[in-house]
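Written out below as structure tokens is the structure these notes cover.
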Amino acid sequence: MPPESRPCSRLHRSSGPGPRIPQPASLHRAVLPPRPAAAPATTAWTLPERLLAAAVLLLVAAAALLPAWQPPGALLAPYADARTLVGLPHAMDVLTNLPFALVGLWGLWSLRRGPGGWGVAVPAALARLFFTGLVATAAGSAWYHLQPDAAGLLWDRAGMALAFAGLLGLAAAHRVSARSGVALAALTLPAGLLAAWLDAAAGNVLPWALLQFGGLALLLGLALRPARAGLPALSLAAVIACYAVAKLLEMADHAVFEATGQWVSGHSLKHAVAALAAVPVCVAGATRRHGAATAGVDNGAHRPTRPWAEKRAPLRRTAPL
């Protein structure tokens with residue numbers, strides 16, 4: 001075929017020292033930037049996650065392998081304050097559950113429009129589980145103290161299991177990782193319900209004791225770690241301190257009742273102090289939300305005071321020459 005009959009060959013080849021016309025593929029490579037390499041998915045467990053999992057497995061193994069234990073008369077132990085007020089039996093032990101409901105409703109109200117001060121979904125969902133457990137604890141504990149028995153204690157501890165799952169999961173998500181928080185809450189909730197049932201049905205209080213004191217040890221270990229970036233400050237030390245004081249008041253029920261001239265018992269004070277342990281969680285969820293609301297005022301100098309200030313000024317029309 002003569003050269004004149006090759007229609008497109010000269011468009012893509014250089015015929016001498018002149019510039020070479022780029023091919024379509026090379027033109028595409030010259031214009032578009034290279035694609036960034038996809039980040040590898042992080043599936044390996046970190047060291048804090050492994051340590052947390054090992055501690056949880058140790059508690060589970062202890063609950064499963066250690067022999068059953070039940071203190072004598074633990075279920076039917078009389079409480080110090082059995083006074084009836086306005087026809088309400090055990091009135092002080094019943095009414096002092098109100099702080100649980102108030103703090104729980106406060107926390108749920110702060111999360112009514114999304115994650116609130118937590119900023120991300122996982123810690124907010126775990127905080128919501130914790131606050132729901134507080135409301136359930138208030139109802140279950142009040143019901144139990146109206147007529148203390150094994151069935152009522154089961155409902156009391158079922159609400160506490162919800163609160164424990166939310167609190168431990170939130171602490172893990174706040175200090176280790178979101179997935180560790182979800183996993184710990186998902187394990188604590190059924191374990192807590194099972195422990196409460198074993199105590200009521202089989203008389204074995206050991207799993208419940210391990211849940212309470214083992215969970216407190218987990219909180220103490222998590223409190224030694226710094227908070228994850230982007231999350232509000234949460235004082236786990238304050239939570240631990242309030243809960244520890246509440247347990248001491250519970251064990252000194254009769255002693256506190258006598259020391260206060262039979263005005264208030266240790267168990268009634270235990271309810272109020274234990275409810276205070278939830279206040280740092282409420283404050284943590286509200287702190288960042290308030291800061292976000294006031295950030296626009298504090299940093300208002302960086303914004304134009306008039307919405308049209310950043311618009312380009314129109315060109316002035318000059319008189320014709």
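Values quoted throughout were computed directly from the atomic coordinates according to the rules given, and no laboratory measurement underlies them. Everything numeric here is computed off the predicted structure, so don't read it as measured data. Every residue, glycine among them, receives a Cβ derived from its backbone with ideal geometry; neighbour counts consider all protein chains shown.
Figures for the structure shown
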{"item": "Selection within region 176-190 - β-branched (Val, Ile, Thr) and in a loop (DSSP other than H, G, I, E, B)", "result": "176"}
{"item": "When residues of region 215-243 are limited to those that are more than 12 Å from residue 171 (Cβ to Cβ) and out of contact with any helix residue (DSSP H, G or I) (no Cβ under 8 Å at 6 or more places or on another chain), the one surrounded by the most Cβ atoms within 10 Å (Cβ to Cβ)", "result": "241"}
{"item": "Residues located in region 90-144, provided they are of a type in the set (Ser, Thr, Tyr), surrounded by 20 or more Cβ atoms within 10 Å (Cβ to Cβ), within 21 Å of residue 280 (Cβ to Cβ) and without any contact (Cβ under 8 Å) to a residue 60 or more places away in the chain", "result": "137"}
{"item": "Tally, over region 244-281, of residues that are buried (at least 20 other Cβ atoms within 10 Å of the Cβ) and within 22 Å of residue 111 (Cβ to Cβ)", "result": "5"}
{"item": "Residue tally, condition over 16 Å from residue 176 (Cβ atoms) and either of a type outside the set (A, V, I, L, M, F, W, C) or in contact with an Asp or Glu (Cβ under 8 Å, 6 or more places away or on another chain) (or both), over region 120-135", "result": "3"}
{"item": "Residues being small (Gly, Ala, Ser) and either free of Cβ contacts under 8 Å to residues at least 12 places away in the same chain or under 12 Å from residue 162 (Cβ atoms) (or both) - total across region 192-204", "result": "3"}
{"item": "The lone exception for residue 229 - which of (1) in contact with a Leu (Cβ under 9 Å, 6 or more places away or on another chain); (2) in a loop (DSSP other than H, G, I, E, B); (3) farther than 24 Å from residue 97 by Cβ it fails", "result": "(1)"}
{"item": "Qualifying residue in region 54-74 (condition: surrounded by fewer than 20 Cβ atoms within 10 Å (Cβ to Cβ), under 23 Å from the mean Cα position of the chain (by Cα) and among the small types (Gly, Ala, Ser))", "result": "yes"}
{"item": "Qualifying residue in region 85-99 (condition: of a type in the set (A, V, I, L, M, F, W, C), at positive phi and more than 14 Å from the chain's Cα centre (by Cα))", "result": "yes"}
